[in-house]
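What follows draws every value from the coordinates through simple rules; no lab data is involved. Source: prediction; values computed, not measured. In this analysis, Cβ positions are derived from the backbone assuming ideal geometry, glycine residues included, and neighbour counts consider all displayed protein chains.
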Amino acid sequence: MLEAHGACLGNTMRGYEARGRRLRLLPAGGALVAGRSLAGCRSAVVAGQSPAGCRSALVAGRLPEGCRSALVATGTSEGCRSALVADRLPAGCRSLLMALPQTGADTSAIAMACVRSVGMDTLGSNGKASVKVSELDGKAPESTDYANYFCTYAFLYHQKDMLEDHKRTGAYFQAVMQNRRQFSGKVVLDVGTGSGILAIFAARAGARKVYAVEATSMAQHARKLVQHNGLAGVVEVIQGTVETVSLPEKVDVIISEWMGYFLLRESMLDSVLVARDRFLKPGGSLFPSHARLYLAPMRSTHAHHRKAEFQGSMEGWAGFTQDMRQYYGVDMGCLNEEYRREQQEYFLETSAWADVHPSQLLGSPACFMRYDLLTVTLEELAAPLKAEFRMDVLDSGPVDGFVGYFDVQFRGSPENPTDYEVLLSTAPDPTGATHWGQQTFTLNPVLEVTAGDAVVGEITVVRKKENHRLMEVTVAHRVVGASPAAATAGHLRISRYHIE
Ligand SMILES: C[S@@+](CC[C@H](N)C(=O)[O-])C[C@H]1O[C@@H](n2cnc3c(N)ncnc32)[C@H](O)[C@@H]1O
């Protein structure tokens, strides 16, 4: 239920209360424009001077005790808890976007003093103080996770990379705009809003309210973008991890672009599930609603290049150890094996980004995993993924490796199915890859197959112990069929890979 207090002009003798769309006159409650607001005024859009008890002001000449947030304030006094722009910050202020050094004080010094005085969370982009503008703001990510994962998202160039992937952004646009019924008049949560783009789509599709949550300082750019596009009345950008923010109400729709390489890298789906469990109304829907993972046999010159690079690296090491012996009399040969292991892992056992052409596929893709985002649990996601697969071979030849990719579907929920189902696929495509490309897992040695055979096996995907956002993949596979190739390659082989 929306509740607001306000008055239109002049000294606030009377105000109005809005409950939903109905207005009712009541005594002093708030001021839209006021020379001076009376005791009891709780919010002012523009106020010459707001009195004790005023809790938020958009523009205020001077903010008195008890004010809890100000967008622009020339003088804030004790008790003010957040200011977007302020020339002077009082004790008790807990968040700040910009301090104008009208008193000759250094802006950053004021901000840092504010940070120190109240223990405000200081982790923003590049070590700058983070900004708490909304009372709903949550905590910044934990510092190691920030360094490992979040930091790149604080840069516009990275958000641009994603935005200009039109297969991706276009799919979300279609999913929202072709399903306006799902958004019209609804409350939406955008998990990881980044630049704010999906929140803007949702607002344009008629959402009543959109909570746009972003952990990094990109939230500040999102706020600006939302405001500039005239949607500040609908989209509320909240900075903080979705795990720590608070929302004043439950939501009808959660929209999020959380997918990483091979779907699972980044483990951001965890955060979407946390948001689902905390904030989604029963019957609400997730955009996207479903995800699938695929593996297919491929031919690729990439595998040969990687092997050649590995050989080159080992030859380089041989020359290097010779030089070390000759120049310094130090024999490094005892580390040959360790170096080989390290380089093998890098060149041959780490999956790579690729834009695979469909003509490179030697067989049918196996869909080995399906997720229903409404029902999958955090525990299921954290557990090792183990799935059997079967890929029918359609073309004879050596299999140089496997190509892995995913798709997501926008199907709404059983109670609220979408009118128009959108598919965002990262499959090999003759028109080119999305920014996710595909992940290739090369085989060493290659696998000989004949049309009519099948490659069968089991794939395991496990989160890395040292960084849960990275993965280790094991593919146990063998060839089955009546061909002589199947007879020679019919034994079980196990290949291991890192997704970095
Ligand atoms: C893949 S980007 C998508 C950005 C934007 N929604 C878009 O579609 O262009 C994911 C965003 O989610 C944010 N993010 C990831 N985990 C988050 C979490 N737990 N809480 C809040 N934001 C998060 C990242 O900082 C990043 O900006």
statement: Using alpha carbon centers only, the stretch 271-319 is separated from the stretch 402-458 by a whole-angstrom value of 11
- line: Long-range amide H partners of Glu448, meaning residues 5 or more apart or on another chain whose placed amide H is closer than 5 Å, are Val399
query: Want the number for Thr474 to Cys151: 0.36 nm per residue separation, take away the alpha-carbon distance, what's left?
result: 113.4 nm
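The stretch 131-185: which chymotrypsin sites (Phe, Trp or Tyr not before Pro) are DSSP loop and have at most 16 other beta-carbon atoms within 10 angstrom?
On the way: sites: Tyr146, Tyr149, Phe150, Tyr153, Phe155, Tyr157, Tyr172, Phe173, Phe183; in loops: Tyr149, Phe155.
Answer in residue order: Phe155.
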- line: Contact order relative to length for the stretch 294-400, counting C-alpha pairs under 8 Å separated by 6 or more residues, stands in percent at 47
- prompt: Once you sort the root eigenvalues of the Cα gyration tensor of the stretch 153-257 as a ≥ b ≥ c, which label holds: rounded (a/c under 1.5), prolate (a/b larger than b/c) or oblate (the other case)?
  reply: oblate
- request: Work out how much length Ala318 to Thr375 would gain on full extension: take 0.36 nm times their residue separation and subtract the Cα-Cα distance, in nm to one decimal.
  value: 15.1 nm
- line: A student applying the Cα gyration tensor rule (rounded when a/c is under 1.5; otherwise prolate if a/b is larger than b/c, oblate if not) would label the stretch 293-499 prolate
statement: Here the stretch 392-397 yields Karplus 3J(HN,Hα) values (6.51, -1.76, 1.60; θ = phi - 60°; whole Hz; Gly and Pro given as x) of 6, 7, 10, 9, 6, x
message: I'd like the FRET efficiency for Thr460 and Ser425, computed as 1/(1 + (r/R0)^6) with the beta carbon distance as r and R0 of 22 Å, rounded to 0.05.
response: 0.40
- prompt: Efficiency by 1/(1 + (r/R0)^6): what FRET value for Lys224 and Ala487, r their Cβ-Cβ distance, R0 = 60 Å, to the nearest 0.05?
  reply: 0.40
- request: Work through the residues other than Gly316 whose Cβ is under 14 Å from its Cβ and net out their charges, Lys, Arg +1 and Asp, Glu -1.
  value: -3
- request: Could you pull out every one of the aspartates and glutamates with an alpha carbon less than 15 Å from that of Lys160, ignoring same-chain neighbours closer than 8 positions?
  value: Glu257
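Around Met391, what is the net charge, scoring Lys/Arg as +1 and Asp/Glu as -1 over all other residues with Cβ under 12 Å from its Cβ?
With Lys, Arg at +1 and Asp, Glu at -1, the net is -2.
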field: Calculated FRET value between Tyr327 and His158, using beta carbons and R₀ = 45 Å, to 0.05
entry: 0.55
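For the stretch 422-481, rounded, prolate or oblate, judged on the Cα gyration tensor with a ≥ b ≥ c (square roots of eigenvalues), a/c < 1.5 rounded, else prolate if a/b > b/c? Please report the intermediate quantities before stating the final value.
Working: a/c = 2.22, a/b = 1.16, b/c = 1.91.
Here the stretch 422-481 falls in the oblate category.
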task: Can you tell me how much longer the chain between Gln178 and Ala308 gets when fully stretched, taken as 0.36 nm per residue apart minus their C-alpha distance, in nm with one decimal?
output: 41.9 nm
- prompt: Setting aside same-chain residues fewer than 8 positions from Lys250, which lysines have a Cα under 16 Å from its Cα?
  reply: Lys186, Lys209, Lys281
